[in-house]
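Structure first, then comments.
Read the figures in this text as sums done on the coordinates, not as results from a lab. Here the structure is a predicted model, which is why all the values come from computation and not from measurement. Please note: Cβ atoms are built from the backbone with ideal geometry, for glycine as well, and neighbour counts cover all protein chains shown.
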Amino acid sequence: MSQIQIQIKDDQGVRIISFNRPEKRNAFNLKMYQQLTEYLIQGEHDNAIRAFMLRGEGNCFTSGNDISDFLNSGELNETHPTVQFLHCILEIKKPLIAAVSGAAVGIGTTLLLHCDLVYADNSATFQLPFVNLALVPEAASSLLLPLIVGQQKAAELILLGESFTASTAKELNIINQVVEQSQLDDFVLSQAKKLAAQPPLALQASKQLLRHNQAEVKQQMLKELVLFSERLKSDEAKARFQAFLTK
Amino acid sequence: MSQIQIQIKDDQGVRIISFNRPEKRNAFNLKMYQQLTEYLIQGEHDNAIRAFMLRGEGNCFTSGNDISDFLNSGELNETHPTVQFLHCILEIKKPLIAAVSGAAVGIGTTLLLHCDLVYADNSATFQLPFVNLALVPEAASSLLLPLIVGQQKAAELILLGESFTASTAKELNIINQVVEQSQLDDFVLSQAKKLAAQPPLALQASKQLLRHNQAEVKQQMLKELVLFSERLKSDEAKARFQAFLTK
Amino acid sequence: MSQIQIQIKDDQGVRIISFNRPEKRNAFNLKMYQQLTEYLIQGEHDNAIRAFMLRGEGNCFTSGNDISDFLNSGELNETHPTVQFLHCILEIKKPLIAAVSGAAVGIGTTLLLHCDLVYADNSATFQLPFVNLALVPEAASSLLLPLIVGQQKAAELILLGESFTASTAKELNIINQVVEQSQLDDFVLSQAKKLAAQPPLALQASKQLLRHNQAEVKQQMLKELVLFSERLKSDEAKARFQAFLTK
């Protein structure tokens, strides 16, 4: 745990947050959720920070929740690090921009639905394998995804839980653009700097207007968490997790 | 009426429901609506059934309402077979998957908006000719369609009422995928079996979350029915139906 | 001001409204907003008018608000000509169809979100440069745009404020179709005449159903206007406008 699993670097108004746990394909453990939330809140209150860029080290965005860590983490209530992270990305006023290379699984895909701009390279793959694990979607993805792609495509991505490519994500408007792998970080940073150069109060007021359904999104998030917790204790889920962990 | 116009076959957790009235291009009469609803509710309560597949016989999905039958069917209240069918596909908890070959007209297109997964072959055509008949859209399509395709495309499809192809339906995310005609039934059945193999409680809870706006959808359905009934009695509609039936 | 800056011509049930102020790239001054509103309301009450077509003269749709005129126009309350125009396009019951050639900037793009059908040629460019001017989006575009294109693309178009092409607008379903420049006016007029030939009461009832979220749209419009007025008086905006006007 001495290694720094969440790294930050501030560059001309942009706080770059990197997921760095390559031996676990950047899976988020509880400590990482806490650090992420802390760095975001810190940046939110720092006038020098105008935008956040999220990225993963080692050609991987994040393989999602660290399942063994998560299974021992107690109730999914307001003080749970995962729940606090979700509320943070829902409520943050400064823009979030993601650069996705490699796998974006589970929370790796659902957190993108809370970002303002999302770019990926051709190595990126996205997956929402909640039902496959006998769980339900989280991070309000059951509301946000149908709003972007419609009920039929949302049902496909969530109920079948199969992975999909950057090109599909682009066609569905889940991401803004597919960028050449070698240029992804530079391009996304330049886009983040463009946002950082916009008038900050007008930018934040406009983001707030765009998030007109925030109360509804939060309510859906809470509704999902109740069902998620319930499913987590089910025999269905226990069997699936057992299979997953012994794979 | 001795011929079986709605056929069912259960296959590894999938109830396959076929529309079979080829001499009327599978137009739905009241009896067919009743049978459809009955077979769906029956399957909903049968633990062995995990998903429904809807298809039409004879390279036709359905040409829609049987208009002469419908015009003699009385008030569109809660006990009307069409209304009961609409409520059924709105409220059903198990996934609905459609295979569309040939024409899907009126209810043939609007029922797809309640399906979880929709596949079509290149012979498929879709049409919402309600305004053309001096009526208004039904099955909450006036709410569900703009949510998928946006106001401008929804207005085009509903106000102009022209037919559109499988390829357009795919671009608009109304359907999930276009499949080779010879493989459509097999492919859709295999997708249905994938859903049938998912953990059933997680699957149903996830579908329920995806249908977060169900109360609003039902309200819109009822609002449409009031206007639909009103329009049905209008001089505009009488003239259009007369022209249609004597064509 | 003796020149006629808003021209109308009625043709077989279609009222064609042309923006005609070529020396200012059809920028809307207050007088033009008033005339637009007047011609729309007049047509709304005229049984011979069944649809409206909006277009610009001189291969330009409109470069948006006339900023110097607008800056001297007083409070953005219910009696302001711009606000009255916005309420008019929100509440109008007969269909609005737009033909976009050349630039559609600011209100030039946001008014399209209230149209039923929108066509453009390849010379068309769209832009929402509100944040660039230290303002926030208007005409409920912060609600309507995400409903069509999803949060990620809406954030791109609004927060970065860069211009986009007809082909992008088509891919995003903001417009219905891209048409050859030489045929744009004829094609759009023929589409408008198709709508004018539909049964008028069924058409209007269907448009009303499609606009199911009208109350929410109006509320968002008012919420935007409060923030817009606030931003307009900000130091951020004064600096941006100064730069813009002395450019």
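For the reader, a short list of remarks on this structure follows.
- Take the Cα of B:Leu90, step 7 Å toward its Cβ, do the same at A:Gln183, and the gap between the two points is 5.0 nm.
- Candidates B:Pro129, B:Pro137, B:Pro146: whichever shows maximal mean-square fluctuation once chain B is modelled as a Gaussian network with Cα springs under 10 Å: B:Pro146
- Global form of segment C:113-186, assessed from the alpha-carbon gyration tensor, a/c cut-off 1.5: prolate
- The value of relative contact order for chain A, using C-alpha pairs under 8 Å at least six residues apart, is 19 percent.
- If you wrap the Cα atoms of segment A:62-163 in a convex hull and average its projected area over all directions, you get 6.8 nm².
- Nearest-to-axis residue in chain A, judged by Cβ distance to the rotation axis that brings A onto B and given in whole Å, is A:Leu147, 4.
- Inter-chain shielding of C:233-241 (mean C-beta neighbours from other protein chains, 10 Å cut-off): 2
- Normalised by 2.2 N^0.38 Å, where N counts its residues, the alpha-carbon radius of gyration of segment B:123-247 equals 1.30.
- Centre separation in Å (Cα based) which lies between segment C:48-84 and segment A:63-86: 51 Å
- GNM top mover of B:Gln219, B:Gln191, B:Gln127 - chain B, alpha-carbon springs below 10 Å: B:Gln219
- A Förster radius of 30 Å combined with the Cβ-Cβ distance from A:Glu230 to A:Glu38 puts the calculated FRET efficiency at roughly 0.50.
- Ellipticity at 222 nm from helices only: DSSP H runs of n ≥ 4 in chain B, each -39500 (n - 2.57), divided by the residue count, give -13500 deg cm²/dmol.
- Cα Rg over Rh - segment B:6-245, Kirkwood: 0.94
- Segment B:1-146: Rg to Rh, with Rh as the Kirkwood radius over Cα pairs: 0.93
- Between 0 and 90 degrees, the angle of helix A:141-155 with respect to the longest Cα principal axis of chain A falls at about 70 degrees.
- Crossing angle, helix C:235-245 versus chain C [Cα axis fit, 0-90 degrees, rounded to tens]: 70 degrees
- Average other protein chain Cβ within 10 Å of Cβ, residues A:109-115: 1
- Direction-averaged projected area, Cα convex hull, the protein assembly as shown: 32.7 nm², rounded to one decimal.
- Counting only other chain Cβ atoms within 10 Å of each residue's Cβ, the peptide B:192-205 averages 6.
- Within a Gaussian network of chain C (alpha carbon springs, distance under 10 Å), most fluctuating of C:Ser141, C:Ser229, C:Ser101: C:Ser229
- Reported to the nearest whole Å, the Cα centre-to-centre distance from segment C:110-146 to segment B:207-237 is 30.
- For chain B, the longest principal axis of the alpha carbon atoms and the long axis of helix B:184-196 meet at an angle near 60°.
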